[in-house]
Structures are given as structure tokens and as C-alpha cells.
Number of protein chains: 4
Amino acid sequence: MKQRAIADEDKQARRDSLLAAARSLYLEDTRQLPAVSRIAEAAGLAKGTVYLYFQTKEEIFTALLDQEFSALLDRLTEHFLTASGTPWERVNLFLEFYAKYLQEHPEFLRLAAMANSVLEQNLAQDHVYNFKLQLAQRLERTGNALESALSVLETGSGARLMVRTYALTLGLWQLLDYPDAMREVMMRPALRLLAPDFATELTSALKQFWRGVLADQ
Amino acid sequence: MKQRAIADEDKQARRDSLLAAARSLYLEDTRQLPAVSRIAEAAGLAKGTVYLYFQTKEEIFTALLDQEFSALLDRLTEHFLTASGTPWERVNLFLEFYAKYLQEHPEFLRLAAMANSVLEQNLAQDHVYNFKLQLAQRLERTGNALESALSVLETGSGARLMVRTYALTLGLWQLLDYPDAMREVMMRPALRLLAPDFATELTSALKQFWRGVLADQ
Amino acid sequence: MKQRAIADEDKQARRDSLLAAARSLYLEDTRQLPAVSRIAEAAGLAKGTVYLYFQTKEEIFTALLDQEFSALLDRLTEHFLTASGTPWERVNLFLEFYAKYLQEHPEFLRLAAMANSVLEQNLAQDHVYNFKLQLAQRLERTGNALESALSVLETGSGARLMVRTYALTLGLWQLLDYPDAMREVMMRPALRLLAPDFATELTSALKQFWRGVLADQ
Amino acid sequence: MKQRAIADEDKQARRDSLLAAARSLYLEDTRQLPAVSRIAEAAGLAKGTVYLYFQTKEEIFTALLDQEFSALLDRLTEHFLTASGTPWERVNLFLEFYAKYLQEHPEFLRLAAMANSVLEQNLAQDHVYNFKLQLAQRLERTGNALESALSVLETGSGARLMVRTYALTLGLWQLLDYPDAMREVMMRPALRLLAPDFATELTSALKQFWRGVLADQ
DNA sequence: AATGAATGAGCATTCATTCAT
DNA sequence: CATGAATGAATGCTCATTCAT
């Protein structure tokens with residue numbers, strides 16, 4: 001890396017390396033946001049430098065969330081553009097694609113699960129607004145693609161279905177996830193209900209939901 | 001209140017007054033758990049006394065969550081015992097009852113939403129196990145009642161449906177809830193997708209889900 | 001010292017030892033207030049303990065100033081009670097006593113000189129009010145004693161004369177004082193005007209002022 | 001302003017614009033020196049550029065003080081050159097002129113009051129020496145003019161009288177000044193002693209002092 | 001049982017100054 | 001000359017928990 005990031009692309013690279021460091025440290029221990037000093041250190045920069053790229057520590061993590069949501073929703077939008085078959089077949093393809101994405105990006109939900117706590121903390125209203133605006137716009141776009149893909153949905157309902165699909169995903173994750181250190185305890189038979197295989201459970205739940213959605217139309 | 005709680009019932013009263021204080025303070029500002037000193041003060045006790053009744057601050061809040069889940073699930077179980085009509089009618093009655101409960105207990109979801117952050121923090125494995133065990137058992141019980149009530153469900157699937165129903169509820173809440181201070185910002189049309197009326201949205205989503213569930217059988 | 005200060009007198013002792021530590025560290029280097037951690041350490045206490053006795057760091061130093069002003073003004077009040085001779089003789093005795101006090105308490109002005117910067121910083125209005133109220137009341141008391149001692153002053157003018165006397169003292173100190181490290185530089189003849197012997201200069205200036213005061217009556 | 005200040009006069013212009021920015025920002029809030037970045041920004045320059053014109057931040061403010069003292073003392077010197085009447089009449093004219101100057105330049109004392117804290121901080125000995133030297137020389141010059149004007153003063157006592165006059169002024173200012181936010185509190189009757197009208201109090205005090213001075217001769 | 005005094009780890013943020021460009 | 005990216009020292013305060021009384 002250059003000593004000083006002067007060109008815009010170099011600045012973006014610096015910013016990205018901070019985000020990468022933050023992500024990696026957070027995933028090491030999701031119980032709390034890593035200290036800014038550790039993020040800086042991991043990125044090979046000084047603590048003060050972090051504040052040249054982000055206003056507050058929390059902004060780092062909303063930027064991270066933004067990346068995550070963007071990546072997922074863009075992929076889903078692309079996916080919808082190439083869908084074919086009967087509506088139910090297309091839904092199945094979508095859910096498979098979605099589940100596969102989550103499986104291949106196991107960090108997605110671990111990061112997404114922090115959204116609520118972060119968004120309530122130390123962030124200017126405007127910043128939260130912008131974050132939510134981005135998310136809403138991406139959901140609308142993906143929702144539109146979904147409507148086109150399925151053709152049987154009411155106009156305007158696509159985005160709402162995306163919200164509900166994601167809500168079910170997030171809720172299940174929060175209920176079923178547990179720290180690594182609890183693995184042994186969670187294996188006890190009495191907790192079977194709260195520790196099934198997440199991917200299986202998610203797919204099954206989403207299929208039920210979407211069956212209901214299609215039945216609705 | 002007595003000076004010293006010697007009898008078991010006096011102890012329980014002390015414990016309850018601490019829980020009530022903690023609940024009330026937390027609901028004043030859900031951005032973070034209130035300080036132990038404030039809880040003690042609100043309960044009219046000394047700081048050290050709190051630790052005679054709870055091992056850590058987090059235990060206070062898991063106890064609170066326990067109360068909440070217990071109250072909700074017991075009510076649902078009761079409800080199922082008196083259900084009648086076709087399965088779909090019974091589901092509708094259940095969802096109405098459920099939505100009404102949440103509306104009449106607006107603190108439920110605000111408290112429930114902290115479960116994840118609290119359960120990951122500063123609690124002995126055993127304690128978490130016991131908390132989850134309680135929850136699982138209550139869900140099983142309610143799930144069984146649900147199975148009886150609907151009669152069309154596969155044996156053993158009731159509890160899982162309760163989990164999914166609650167997951168969808170929790171996920172929607174997390175996505176759609178926002179601090180009071182953000183109210184104005186959330187009203188802007190561009191955020192309409194992320195700020196619908198929660199009760200309406202929840203009911204609609206759950207109906208879709210349950211339509212799918214019944215179609216599955 | 002006891003391990004825990006439970007009795008009021010033990011608490012007062014703790015408080016005093018913190019004040020003593022703060023005073024001593026400040027006098028070591030008057031360029032800035034010492035860090036709270038250093039004060040605690042010097043007093044043999046933990047950092048957090050400081051905050052059991054003072055709300056903010058600045059409060060420590062207003063308490064110190066309070067002690068200083070109290071000591072000086074009480075001594076002056078006492079002094080006035082025993083004055084005798086013609087008014088001008090009594091003024092001379094007073095000024096000698098005052099100058100001697102300042103000479104014997106070389107830390108007084110070094111501490112007093114920080115008043116302004118401290119009072120503007122991080123203190124609740126109420127706290128500043130109370131500090132100023134104390135000071136005003138002590139000045140009134142001393143002013144009254146002064147009026148009695150001189151007998152030629154207009155009623156009510158004593159306190160104002162104390163204020164002006166102290167103002168001249170403080171102003172001279174600020175103009176003429178310099179850090180130890182500057183001693184050599186300050187000896188250069190070109191700076192003679194700004195580096196006379198402080199006590200001599202002060203006495204001379206105050207005599208002029210008081211000659212004018214008596215001439216006024 | 002030119003892009004680059006190459007000619008000396010352009011450099012001086014840059015320097016002056018920095019001083020103007022610093023003055024204006026400091027007067028906005030006298031509780032602390034403004035940040036260098038803000039000064040640079042207000043002057044329309046980059047942060048680093050500041051350090052081409054001043055070695056340290058404190059130098060900016062000593063330069064400002066230099067300007068202030070220079071302006072005041074030059075005006076006083078001029079004034080003395082045109083004095084007429086009896087000595088006491090001339091003193092009265094001088095004090096009126098002085099008080100009027102301070103009233104018309106309300107920023108003077110707010111700036112002057114920072115001298116002590118700034119001069120103790122982060123400045124090379126040489127720099128402090130030069131600053132004090134300037135001040136001493138100006139005081140001597142003004143003192144000489146004063147001696148000529150009054151004709152009854154001992155040779156060499158003029159500058160000392162200027163020092164004492166300024167000391168009384170500064171001391172009173174420090175005792176009686178308070179931040180705007182304290183205005184309401186300072187109006188309470190119990191603080192009347194510490195919050196009289198400054199100009200009135202100053203004039204009265206200086207008249208007493210100068211009456212003593214003339215009586216001395 | 002109850003108290004509350006004592007502890008001390010933990011951390012975001014600011015900002016004067018430097019120096020590569 | 002001018003810029004502005006990078007640095008990193010410096011610190012007040014909170015608060016869960018302990019334990020002497």
C-alpha cells in the first residue's frame with residue numbers, strides 16, 4: 001500500500017482495508033464490536049487514521065452491513081432475472097439459491113444480526129436514515145425483480161415479500177444461533193428444538209411461508 | 001418491605017421488586033441495559049444486595065425474559081385448549097389472539113429483542129442452558145397444545161411451528177422497530193417499506209406463513 | 001488509613017488526602033491540571049474512588065481553591081479584629097500581614113491563578129455558583145471586619161476594597177510570574193520591568209492603592 | 001488571495017488572515033484555544049500551511065496578543081503626547097481614555113486574559129523572551145510618555161505605573177468576568193459583589209489607585 | 001442479610017504536528 | 001509554497017463486581 005492515499009482509488013482501498021479488518025475482528029468474537037485501536041492495528045494504520053475514513057466507530061459497522069446487504073440483494077436481483085419454470089419452481093430455485101448463498105457466506109447472518117444494536121448507538125439520525133434508505137431501495141429493486149420473475153405477484157408486493165423472507169431468516173438465526181463455546185451444551189437432546197441444523201430449518205420454514213404466499217395470489 | 005428477607009416468600013418479593021425495577025428502567029431506554037446501581041436504587045435496595053439475588057447483571061435480564069416467555073406461552077397454551085372450528089378458523093383465531101397479546105403487551109417484543117445480546121454475554125453456560133431449557137420446554141408444551149388444537153399437524157411439528165412463528169415475529173420486529181427519536185425520519189416516504197404498521201404487517205405475514213403450513217399437511 | 005472510610009470523619013480524611021495529592025501534583029507543574037489517575041495514585045487510592053468524592057476532576061480543584069481562599073480570608077478577618085492605631089497605621093499593618101501571608105504561602109497565588117481556567121471548564125452551573133457564593137460571603141465577612149478595623153470607610157465598601165486589593169495582587173502575579181525554566185531569561189536587564197521582586201512590587205503597589213483609598217474618604 | 005505567497009507582502013497577508021481567523025474563533029468561545037484545523041479552514045488555507053507561518057499553535061496567539069498590546073499602548077502613548085491641565089486632570093483624562101478604549105475594544109481583555117495560560121505552554125524560551133521584550137519596550141515607551149505628560153512623576157516610575165494599572169485591570173477582569181452561560185446565575189443578589197458593571201468598577205478602582213500615586217509624589 | 005466503599009479494566013475520540021506529494 | 005494524509009499520545013469517566021463492616 002502507498003504511504004499516503006491521495007488518489008480516490010487509494011482512499012477507497014484504505015477504507016476497504018479498514019472494513020476488512022473490522023469484519024475479521026468482529027467475526028472472531030461477535031459479543032461486542034472490536035475496539036477501534038484493534039481495527040487500526042489490524043489494518044496496519046494508526047488509530048487516528050480510522051477517523052479520517054469514518055466519523056464514528058459505529059459507522060464502520062454500518063458500512064460493513066451495507067456491503068453485506070448490497071452483495072446479497074444484488075445477487076438475488078441477478079438471480080431473478082434468469083428465472084424460468086412455473087412460479088413454484090421459480091420460488092424453489094430462489095430459495096435454494098438464497099439458502100446456498102447464506103451457506104457459502106456464513107458470516108452474512110453473523111454480521112446482519114448486529115444491525116439492530118449498532119443502529120441504535122452513537123449514529124447521527126442522518127446516517128441511520130441513509131443506511132435504511134439504501135437498504136429500502138435495494139429491497140425495492142430486488143422486490144421488483146422478484147415480481148417480474150414470478151409474474152403472479154401483486155404489483156408492489158415483491159419488496160414486502162423480501163422483507164418478510166429476510167425477517168424469517170433473521171429471526172430464526174437469532175433463535176437458533178449460539179456461541180461456539182456453547183456447542184456441547186446445545187447438543188443435549190432437551191435443546192433439540194432450539195438447535196436444529198440452521199440451513200435445513202430455514203429452508204423448510206421459508207418453503208412453508210412461500211407456499212402460503214403463492215396460495216394467497 | 002421487611003428489613004431482611006428471611007422467609008422464602010420475602011426473598012421472592014425482593015427478587016421480584018428487582019425484576020420490576022430492571023424492567024421499568026430498561027423500557028425507559030432500550031439502547032442498553034440499565035446500570036446495576038440504578039436498578040438497586042429503583043428497587044430501594046443497596047447495590048451489593050442485588051448480587052445476593054442474581055449472580056450477574058445479565059441474570060436479571062434472563063429472569064425477566066423468562067417471565068415474559070412464560071406469560072406469553074402459557075396464555076397461548078390455554079388458548080389452544082379452547083379452540084374450535086375448522087383448522088383454518090382455529091389458526092385465524094390463534095393469530096388474532098397472538099397479535100392481540102402483543103398489542104396489549106407492547107413491552108414484550110422490546111424485552112424479547114434483547115435476548116440475543118444478553119445471552120451471549122457474561123453468563124455461565126449452565127445458566128444459559130437452563131434458560132434455553134425452560135424456553136424449549138414451554139415451546140414443546142405450547143406446541144403440543146397447538147397440535148391438539150389443529151389436529152391436522154404432524155406429530156411433533158407443533159413446537160417447531162411455534163418457533164417459526166416466533167422467529168417471523170421477532171425478525172419483523174427487529175427490522176421494523178426504531179427508536180422514538182427516529183420517528184420523524186422514519187415517516188419519510190422513501191422508508192415506507194421499513195416502517196409500516198407493525199401489527200398489520202405481522203398479522204399479514206403470519207397469515208401467509210400459516211396458510212403455507214396448512215397447505216403442507 | 002482504614003481500608004474503608006465509613007464514618008464521616010474517615011470520609012473527610014480520604015477527601016483531604018485526595019486534595020493534598022492534587023495540590024502537590026499541580027504545584028509540581030502548573031501548566032495543566034494533573035491527570036485523575038495520577039492524583040489517585042498519589043493518594044494511594046484507585047481511580048474510581050476519586051469519583052466517590054468528587055463529581056468531576058475540576059471539582060477537586062475548586063475544592064482546593066475554596067480551601068485556599070478560606071484560609072487566607074479567615075486569617076485576614078482575624079487580623080482585622082485586633083488592629084489598632086491610626087487608619088493609615090492599620091492599613092500598613094494589614095498590608096504587611098497580607099504580604100507576609102503570601103510570602104509564607106508561596107503556593108497560594110500559584111493555586112489561585114488557576115481559578116479562571118478551572119471555573120470555565122466542565123463544571124455544573126450550580127457548582128460554580130456555590131463556589132462563587134462561598135467566596136463572596138467570605139469576602140463580605142472580611143470586608144466587614146476591615147470596615148470595623150478602619151472605621152473611616154463607607155459602610156459596605158470593605159468587601160469591594162478586598163476585591164480590588166486581591167485583583168491587584170492577582171493581576172501583578174499574572175504579569176510578573178514566570179515558570180522556573182525561564183528564570184535565566186527573565187534576569188536579562190531588558191526584562192527588568194516584568195521581573196521585579198514580586199513581594200516588593202506588590203507591597204509598593206498596594207500602598208499606593210490604599211493611600212488613594214484613604215484619601216478618598 | 002494569491003495561490004502562493006511569494007512576495008513578502010503576500011506572506012504578511014497570509015499571516016494576517018490566519019491571525020484574524022484565530023482571533024475570531026477564539027472570541028467565539030474563550031474557554032479554549034481553537035483547533036489549528038479550524039483556524040486554517042476559517043482562513044481558507046490548509047492545515048499544514050499554518051505551520052509555514054507559525055512554529056506552534058501558541059505562537060499564533062502570542063502574535064495576536066502582541067497586536068493587541070501594541071494597539072493599546074500605542075494609543076495610550078499618543079494620548080499622553082497631547083495631555084494638558086493639572087496632573088490630576090490629566091490622570092482623569094487618561095483614565096477616561098483608557099476605559100473608553102477598553103469599552104470600544106471589548107475583545108481586548110478577553111484576549112489579554114489568555115496570555116498567562118498561553119505563555120506557559122509549548123513555546124520556545126526565545127519566543128517568550130521576544131514577546132515579553134516587546135511588551136516591556138512598549139510599556140517603557142508608554143511609561144515615558146506618561147512621565148512627560150504628568151511631569152510630577154519620579155523618573156523611571158512611568159512604566160511601573162503602567163504595569164500596575166494594567167495589573168489592576170487584568171485582575172479585576174479575571175475576578176469579575178464570567179461566561180455568557182452563567183449570566184443568569186451571576187445576577188443573583190448574593191453574587192452582587194462578584195458581578196458589578198466592569199467598566200464602572202474598573203474606573204472607580206483605578207481612580208483610587210491613581211489618587212494614591214499622585215499623593216505619593 | 002444488607003450495605004455501600006473500593007476497585008480498576010476498558011475505550012472512543014481529539015488534535016498538534018510532521019512530511020510525502 | 002501549499003497541501004492534507006497520517007500519526008499516536010493522552011485521559012476522564014463508567015460501572016460490574018467484590019468484600020469489609
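At a Cα cut-off below 24 Å, give the lysines reachable from B:LYS207, other chains included and same-chain residues fewer than 8 away excluded.
Hits, sequence-local ones excluded: A:LYS207, B:LYS100.
Starting from the Cα of A:LYS47, draw a straight line to each of the lysines and keep only those under 30 Å, dropping any in the same chain fewer than 8 residues away.
Answer for A:LYS47, where 30 Å is the Cα cut-off: A:LYS2, A:LYS11, A:LYS57, A:LYS132, C:LYS47, C:LYS57, D:LYS47, D:LYS57, listed by chain and number.
Name the shape class, rounded, prolate or oblate, that the alpha-carbon gyration tensor gives for region B:93-165, where a ≥ b ≥ c are the square roots of its eigenvalues, rounded holds for a/c under 1.5, and otherwise prolate holds if a/b is larger than b/c and oblate otherwise.
Values: a/c = 3.24, a/b = 1.39, b/c = 2.34.
Cα axes put region B:93-165 in the oblate bin.
If r is the Cβ-Cβ distance from A:LYS100 to B:THR82 and R0 is 45 Å, what FRET efficiency results, to the nearest 0.05?
Working: r = 43 Å, r/R0 = 0.96.
Efficiency computed from Cβ-Cβ geometry: 0.55.
What is the helix-to-structure angle for B:57-81, meaning the angle in degrees between its Cα long axis and the longest Cα principal axis of chain B, kept from 0 to 90 and rounded to the nearest 10?
It works out to around 30 degrees.
Just want the answer: with Cβ charges of +1 for Lys and Arg and -1 for Asp and Glu, which residue in B:ASN92, D:THR30, A:LEU191 is farthest toward the dipole's positive end in the protein assembly as shown?
So the residue furthest toward the plus end is A:LEU191.
Within a 10 angstrom radius of each residue's Cβ in A:179-186, how many Cβ atoms of other chains show up on average? Whole number is fine. Provide the component values of the computation, followed by the final result.
Details: counts 5, 0, 3, 7, 0, 2, 6, 4.
Partner Cβ neighbours, averaged per residue: 3.
Residues with beta-carbon under 15 Å from that of B:ILE39, excluding B:ILE39: net charge, scoring Lys, Arg +1 and Asp, Glu -1?
Working: positive: B:ARG14, B:ARG15, B:ARG23, B:ARG38, B:LYS47, B:LYS57; negative: B:ASP16, B:GLU28, B:ASP29, B:GLU41, B:GLU58, B:GLU59.
Local net charge: 0.
Would you tally the net charge around D:GLN125, using a Cβ to Cβ cut-off of less than 15 Å, leaving D:GLN125 out, and scoring K and R as +1, D and E as -1?
Values: positive: C:ARG31, C:ARG183, C:ARG188, D:LYS132; negative: C:ASP180, C:GLU184, D:GLU58, D:GLU59, D:GLU120, D:ASP126.
My count for the surroundings of D:GLN125 gives -2.
Provide a whole-number value for the mean count of partner chain Cβ atoms within 10 Å of the Cβ atoms in peptide B:198-204.
Details: counts 0, 0, 0, 4, 2, 0, 3.
Averaged over the peptide's residues, the number is 1.
For peptide D:129-141, how many partner chain Cβ atoms fall within 10 Å of a residue's Cβ, on average? Before the final figure, lay out the partial values.
Details: counts 7, 0, 0, 11, 5, 0, 4, 7, 3, 0, 3, 3, 0.
Taking all residues of D:129-141 together, the mean is 3.
With a ≥ b ≥ c the root eigenvalues of the C-alpha gyration tensor of region A:97-217, is it rounded (a/c under 1.5), prolate (a/b larger than b/c) or oblate?
Details: a/c = 2.56, a/b = 1.22, b/c = 2.10.
In terms of gyration-tensor shape, oblate.
Checking the a/c ratio against 1.5 first, then a/b against b/c, what shape does the Cα gyration tensor give for region C:1-74? Before the final figure, lay out each step's value.
Details: a/c = 1.92, a/b = 1.19, b/c = 1.61.
It comes out oblate by the Cα gyration axes.
Treating the angle as unsigned and between 0 and 90°, give the value, to the nearest 10°, between the Cα long axis of helix C:87-104 and the longest Cα principal axis of chain C.
So the inclination is approximately 30 degrees.
Computed FRET efficiency, Cβ-Cβ of D:GLU28 and A:GLN217, R0 60 Å: what is it to the nearest 0.05? Show your work: numbers first, answer last.
On the way: r = 63 Å, r/R0 = 1.05.
Approximately 0.40, to the nearest 0.05.
Treat each spin label as a single point 7 Å out from the Cα along the C-beta direction, and report the C:ARG38 to C:THR200 distance in nm.
3.4 nm
Ranked by Cβ crowding within 10 angstrom, fewest neighbours first, how are D:SER148, C:SER204 ordered?
On the way: D:SER148 13, C:SER204 16.
By the 10 Å Cβ count, ascending, the order reads D:SER148, C:SER204.
What angle do you read, to the nearest 10 degrees and between 0 and 90, between the alpha-carbon axis of helix B:198-216 and the longest principal axis of chain B?
Tilt relative to chain B: about 50 degrees.
Over all directions, how big on average is the projection of the convex hull of the alpha-carbon atoms in chain A, in square nanometres?
Values: hull surface 56.7 nm².
With every direction weighted equally, the projected area is 14.2 nm².
A short reminder: the numbers here are calculations on the coordinates, not readings from a lab. Note that the coordinates shown come from a computational prediction; the quantities given were computed from them, not determined experimentally. Counting neighbours? That spans all protein chains shown, and the Cβs are built from the backbone with ideal geometry, glycine included.
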